[in-house]
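A.B. asks: Supplied in structure tokens, the structure appears directly below.
The values are calculated or read from the model by the stated rules, or taken from the named source; none is laboratory data. Bear in mind the structure is a predicted one, so any value in this text is a computation, not a measurement. Positions of Cβ are generated from backbone atoms using ideal geometry, with glycine treated the same way; all protein chains shown enter the neighbour counts.
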Amino acid sequence: MKAANLELWIPYGETEIPVRVPDDNFYRILEPAKPIGTRDAPTIIEEALENPIRGLFLKDVVKPGNSAGIVIDPIVPAIARDEAAKVLRSHLTALGIDNVRVFMRKRMSNVVLGGEDLKIIDPSRASFAELGKTSAGTSVELDPDLAACEVKINVGLVMPHFASGFTGGPEAVLPGASSIHSIAKNRSLLTKGFPTSSSSPDNQVLSDSLEACKLAGPFYSLCFMPDGMGGVTSAFAGELESVFREAVLRYHEVHSPKIERKLDIVIVSAGSLLGGDLYHAIRAVSNVLGAVRREGTIILVAECSKGIGDSSFLEYARRFPERKELSTELRHRFKLGGHVNLFLQEALEKCRVQLVSILPELFVRDSFGLKPSQTASEAVQKAIRVEGKESKILIVPKGDFTVPVMES
């Protein structure tokens, strides 16, 4: 008798694709909890500003006549981004500040049109103001117009990140408003090791970025909590580091579901946020590494409609197929892009990674050491053949977002 299959649809770029999992192998599907009652962005922002962390209000950090700069992370959903700028402007005007500029880092994935008072910061162009060095030796080079602002405000979104553990805090400054030279030096710290988990305290990249913020700061911060559906559910306001710590704590409560065991097979979708190219999609693997047993299989579902996404990423993959060689090269001649190769090679030493994408199979296998599959269901069949008939499968449809953790 043929075993029954469970058919589920998971995000694939801007669409969804089906994945069939045999009933006997299915373990669980981890979806973000549906938000209870939705509140609009202006309400969420006002509530955060009225109830700041440790009682630090916006009025406590400004003086009438000051110049203010608002740095917005481009990953903040557009509606929350626009409302934050609007609400903060009106609060600043009420406090006697009319000179307000908005800054945003240039990103490939979400291009924003610049208005008269919006400055797009391109890390590889222009001159930067040098503010000093961190204890790790990172020269902090900040956008000069932002450096000149007397009041600095950060608008961020807390999300897991393979290099810094989480966004939503110090990356407003580094990488958000810094030169390519500062960013490369900060990311080169990854050659000493990646964070063991998104909440690990031994994160050198994060410590370095926090130090950079202190050299550039102080910063007032407004940080949003995402809902997993492309919107936001809440926000935190106050001093940057306190807000960041609180947001990360809340993130774990909301988006880190507990699992009872490590799985043989984990299916993870990179979604539309990370799944546009391989360079970003690989990062979804870091969110589920803790959920797969050693030498198990991760099936990464990422359409990669924009291709590889970074030329250095491809160049390093071809030149240094072995982790030791790559690690040595990056320690001596670090180049951005290479740190993502290093992460991928470390992941491949722990488990197998299958990729379901539109990229040419030969390319995926020969350049990156990934096992290609045309469909998610085909990938499941291949994984069961390798991991055994008894293997259990966990499905994470919002892999850019969900961080499963083992029950302690």
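A.B. asks: Looking at the structure I just gave you, is Ser305 hydroxyl-bearing (Ser, Thr, Tyr) and touching a Gly at 6+ places or on another chain (Cβ under 8 Å)? Give the derivation first.
C.D. replies: Details: hydroxyl-bearing (Ser, Thr, Tyr): yes; touching a Gly at 6+ places or on another chain (Cβ under 8 Å): yes.
Yes, satisfied.
A.B. asks: Looking at Val248, Val232, Val266 in this structure, which one is more than 17 Å from the chain's Cα centre (by Cα), at negative phi and among the hydrophobic types (A, V, I, L, M, F, W, C)?
C.D. replies: Going through Val248, Val232, Val266 in turn, the sole match is Val266.
A.B. asks: Oh, and also: Mind listing just one residue for me: the one in the range 218-229 that is in a loop (DSSP other than H, G, I, E, B) and either of a type in the set (A, V, I, L, M) or surrounded by fewer than 18 Cβ atoms within 10 Å (Cβ to Cβ) (or both) and, of those, farthest from the chain's Cα centre (by Cα)?
C.D. replies: Pro218
A.B. asks: Kindly list the number of the only condition in (1) modelled with pLDDT of 95 or more; (2) under 18 Å from the mean Cα position of the chain (by Cα) that fails for Ser200.
C.D. replies: The number of the failed condition is (1).
A.B. asks: How do the helices (runs of 4 or more DSSP H) wholly within the range 308-378 filter down when requiring 1 or more residues that are assigned by TED's automatic domain parsing to the domain that holds Leu263 and aromatic (Phe, Trp, Tyr): which remain?
C.D. replies: 311-319, 338-350, 361-368
A.B. asks: Moving on to the next point. Take the range 285-312 and flag every residue that is surrounded by fewer than 23 Cβ atoms within 10 Å (Cβ to Cβ), farther than 18 Å from Val380 by Cα and not charged (D, E, K, R).
C.D. replies: Hits for the range 285-312 are Gly290, Ser305, Gly307, Ile308, Gly309, Ser311, Ser312.
A.B. asks: Something else now. Scanning for something modelled with pLDDT under 95, of a type in the set (S, T, N, Q), outside any strand (DSSP E or B) and buried (at least 16 other Cβ atoms within 10 Å of the Cβ), does the range 381-393 turn up at least one residue?
C.D. replies: No, the range 381-393 contains no residue that is modelled with pLDDT under 95, of a type in the set (S, T, N, Q), outside any strand (DSSP E or B) and buried (at least 16 other Cβ atoms within 10 Å of the Cβ).
A.B. asks: Filter the range 275-284 down to the residues that are assigned to a helix (DSSP H, G or I) and surrounded by 24 or more Cβ atoms within 10 Å (Cβ to Cβ) and list them by number.
C.D. replies: Passing the criteria: Leu278, Ala281, Ala284.
A.B. asks: Please work out if Pro64 is in a loop (DSSP other than H, G, I, E, B) and surrounded by 14 or more Cβ atoms within 10 Å (Cβ to Cβ).
C.D. replies: In short, no.
A.B. asks: Can I ask one more? Any idea which residue in the range 120-164 is nearest to the chain's Cα centre (by Cα), counting only those that are charged (D, E, K, R) and outside any helix (DSSP H, G or I)?
C.D. replies: Asp122
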